[in-house]
Amino acid sequence: MRQLVHSLGWLPIGFVLVNVAHSLEAQKNFQYLAQTPLSTAPTFDNEDTPWGLTTYANIPYVPCLSKRDGLTYDIAVLGAPFDTGTTGRPGARFGPGAIRTGSSRIYADAAWNLYTGENVFKSNVKIVDCGDVPMTRLDNTVALKQLERGHDIINARTSVSKDLSPVPRIINLGGDHTTTLSALRAAHKKWGKLSVIHFDAHIDTWNPKVLGGDISDYGAVNHGTFLHIAHEEGLITNSSIHAGIRAPLAHPVKDMKNDRRCGFDFVTARDLDRVGISGIIERLKARVGNANVYISVDIDVLDPAYAPATGTAEPGGWTSRELLTILDGLVGVKVVGADVVEVAPAYDGAGEITGVVAAEVVQSLLYLMIKTPVAAE
């Protein structure tokens, strides 16, 4: 076969001719699109692949924070791009985008869960992505108020499926864990005191005098103190629980005494080895009972092998399979709000596994919301 000199070496003429033909065909297609009258141009209504903004699991984007009337939905996915409350590695402000990117492989027509037999996107529940709340990066106090205001706006709307919930429920995409405080403040106004199921390597009930508050009142509000503050503000019940705890403490006796005072029991990461997944599920359900529950998932509850992209990774965590199985086992818990936080994609590998597993956690949280109706205070 004759050869043609190319800047990268020798290429067969046949190869060049085929590619030129493909190029000419592509040009014709673009010319067709440009010249076809709008009345007869293709609408792409039947295209399987969505185009435009990257939303969670390719669900519709809705400008939830606008003043537009008539916006109704049942569950809102809301981004919180904030990471200036972290005491470890920063970068969680990019978490919402990483989780959405990790979910880009999920499509409604092919999202049937092998284990639950459910497809949350094929239910009668309207799920939308509200985008991110605009949050300043220069003032933490203002930023957290902005996020709370975003939640308030969504909470003020009415849902489509009122038999499931009178108002839309929110799944918050963090952002560092401080963002959960804003979510709890807003949720308390609508739902009253909440029990918290807190998946994390750390207790996050540290007294600000121990973590940050000795520097200034401003520094007292951070991703390790927010549950202490939530308790002090009367947002949460005395029947909350941590799951997956394993990180070192600053003051073993004082820290755990304050943790109990804030209303928390706990199961450690290694408790799973002793009681099994079913035992963990039973403990969590028994602790919160029939209360309205907020589920907060810090991605560092997972072992760094499964979620390396986080600010304060701790060895010895759960596997992604174990976490997802535990979440699916919480059916019947009255989940009024939830979040997935502390995803910092700069520390992920080429496979972006942290964003992928975080996206799957969101899907499990959607499942819990859809399966169990709730009623506002």
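Values quoted throughout were computed directly from the atomic coordinates according to the rules given, and no laboratory measurement underlies them. From a predicted model like this one, the values you see are computed outputs, not experimental measurements. Note: ideal-geometry Cβ built from the backbone for every residue, glycine included; neighbour counts use all protein chains shown.
Cα centroids of region 61-85 and region 299-377: 20 Å apart.
Loop-located trypsin sites (Lys or Arg not before Pro) in region 130-160 (DSSP state other than H, G, I, E, B) with a sparse environment of at most 12 neighbouring Cβ atoms within 10 Å: 137.
Farthest toward the positive end of the dipole of the chain, out of 111, 127, 365, is the Cα of 127, where the dipole comes from beta carbon charges about the Cα centre. For the chain, a Gaussian network of Cα nodes joined below 10 Å ranks 194, 147, 324 by mean-square fluctuation, and the top entry is 324.
In this structure, residue 189 and residue 66 have a Cβ-Cβ separation that, at R0 = 22 Å, corresponds to a calculated FRET efficiency of about 0.60. Overall, the chain carries a charge dipole of about 500 debye about its Cα centre when +1 sits on the Cβ of Lys and Arg and -1 on the Cβ of Asp and Glu, all other atoms neutral. For the chain, the residue among 229, 173, 266 whose Cα projects farthest onto the positive side of the dipole built from Cβ charges is 229.
Over the chain, dividing the summed -39,500 (n - 2.57) contributions of all DSSP H runs of at least 4 residues by the number of residues returns a 222 nm mean residue ellipticity of -10500 deg cm²/dmol. Charges were assigned to the Cβ only: +1 to each Lys and Arg, -1 to each Asp and Glu. The resulting dipole of region 164-219 about its Cα centre is roughly 440 debye.
Using a ≥ b ≥ c from the Cα gyration tensor of the chain (square roots of the eigenvalues), is it rounded, prolate or oblate, where a/c under 1.5 gives rounded and otherwise the larger of a/b and b/c decides, a/b for prolate? Prolate is the answer for the chain, as a/c is 1.5 or above and a/b outweighs b/c. Unpaired cysteine residues in the chain (no second Cys Cβ under 4.7 Å): 262.
Counted as membrane-span-like here are DSSP H helices of the chain whose alpha-carbon atoms extend 24 Å or more along the helix's own axis and whose Kyte-Doolittle mean is 0.5 or above; these are 353-371. For region 160-246, the square roots a ≥ b ≥ c of the C-alpha gyration tensor eigenvalues yield an a/c of 1.5 or more together with a/b exceeding b/c, which makes the shape prolate. The stretch between residue 256 and residue 160, if pulled fully straight at 0.36 nm per residue, gains 30.3 nm over its current Cα-Cα span. Between residue 376 and residue 350, full extension at 0.36 nm per residue minus the direct alpha carbon distance yields a gain of 5.0 nm. Dipole check for region 302-377: with +1 at the C-beta of Lys and Arg, -1 at the C-beta of Asp and Glu, and the Cα centre as origin, the magnitude is about 280 Debye.
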